[in-house]
Amino acid sequence: PRLLDLGCGQAEWLLRALAAHPTATADGVDLSGPALALARASAEARGLAGRLALHHRPAAEHTAPYPYDLVLSVGATHAFGGLQGTLDAAARHLAPGGYLLVGEGYWEHPPAPAAVEVMGELADLPGTLDLVTRAGWTPVYGHLSTREELDDYEWSWSGSLAAWALDHPEHPDHAEALAVAAEHRTEWLTTYRPTWGFATLLLRR
Ligand SMILES: C[S@@+](CC[C@H](N)C(=O)[O-])C[C@H]1O[C@@H](n2cnc3c(N)ncnc32)[C@H](O)[C@@H]1O
């Protein structure tokens, strides 16, 4: 099977899939050079580099001479202007009978205006599924991130950045890293934490 991750980041989804499926090959696409460098290093460390091609380009510009059996895009729908654009792009890349794994935020409760400013316009969960099905997809599984998982994600994000800053007191980016971590933590706690959810949906068409 061939796998494609649009907005793969450090390619953790692809690396786990490749480890579990020894005949699979994968393409990962991302705008971030540092994320792709980490992806490459993990692929090499896990003996998977021969089956993972990484592409440093906007996800919307990815072209391939073959269709994919599984397309993933988790937390990267902004690369296509939102969920609808991501669903359309995935459909173009998918082989007949293939699967799409898409991860997108939604409002679990009506958001404060400041939360919409941070996260953008999102639907609630039924509205999200409605958009998906109207675009011609059938959900065959889904995972709704728990509060514990969302909190873990946020603490890992701001916490690892803060820890890096504390470990590098002489680095020219020390103060900025601490400030960004603190700003993000405050934004998360004061704006979207009470109302934001994240759904990862497995779709067929
Ligand atoms: C929240 S991260 C998710 C990463 C990965 N999908 C995961 O689940 O671990 C979003 C990723 O989308 C990437 N990204 C943002 N805009 C993009 C674009 N236009 N084209 C490709 N990647 C993009 C970012 O660089 C980042 O790595």
Task: Filter result (hydroxyl-bearing (Ser, Thr, Tyr), in a loop (DSSP other than H, G, I, E, B) and in contact (Cβ under 8 Å) with a residue 12 or more places away in the chain) within segment 41-72 - done: Tyr66
- [ ] Inspect segment 35-58 for any residue being near the ligand (Cβ under 10 Å from one of its atoms), exposed (fewer than 14 other Cβ atoms within 10 Å of the Cβ) and either among the hydrophobic types (A, V, I, L, M, F, W, C) or more than 29 Å from Pro126 (Cβ to Cβ) (or both) and give the result as yes or no.
- [x] yes
TODO: Quick one: count up the residues across segment 75-100 that are away from the ligand (no atom under 15 Å from the Cβ) and either modelled with pLDDT under 95 or in contact with a His (Cβ under 9 Å, 6 or more places away or on another chain) (or both).
DONE: 0
Open item on the list: For segment 94-115, which positions are surrounded by 20 or more Cβ atoms within 10 Å (Cβ to Cβ) and over 12 Å from the mean Cα position of the chain (by Cα)?
Closed with: Leu94, Gly98, Tyr99, Leu100, Tyr106, Trp107, Pro111, Ala115
- [ ] Starting from residues that are in a strand (DSSP E or B) and in contact with a Phe, Trp or Tyr (Cβ under 9 Å, 6 or more places away or on another chain), keep the ones in segment 79-98 and report whichever is nearest to Ala17 (Cα to Cα).
- [x] Gly98
Task: Those residues of segment 113-122 which are out of contact with any strand residue (DSSP E or B) (no Cβ under 6 Å at 6 or more places or on another chain) and either in a loop (DSSP other than H, G, I, E, B) or among the aromatic types (Phe, Trp, Tyr) (or both), in sequence order - done: Gly120, Glu121
Task: segment 33-57, residues that are of a type outside the set (S, T, N, Q) and out of contact with any strand residue (DSSP E or B) (no Cβ under 8 Å at 6 or more places or on another chain) - done: Pro34, Ala35, Ala37, Leu38, Ala41, Glu44, Ala45, Arg46, Gly47, Leu48, Ala49, Gly50
Task: Flag if Gly7 is within 15 Å of the ligand (Cβ to nearest atom) and surrounded by 17 or more Cβ atoms within 10 Å (Cβ to Cβ) - done: yes
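The values are calculated or read from the model by the stated rules, or taken from the named source; none is laboratory data. Just so we're clear, the structure is a prediction, and the values are computed from it rather than from any experiment. Cβ coordinates were reconstructed from backbone atoms using ideal geometry, including for glycine residues, and neighbour counts include every protein chain displayed.
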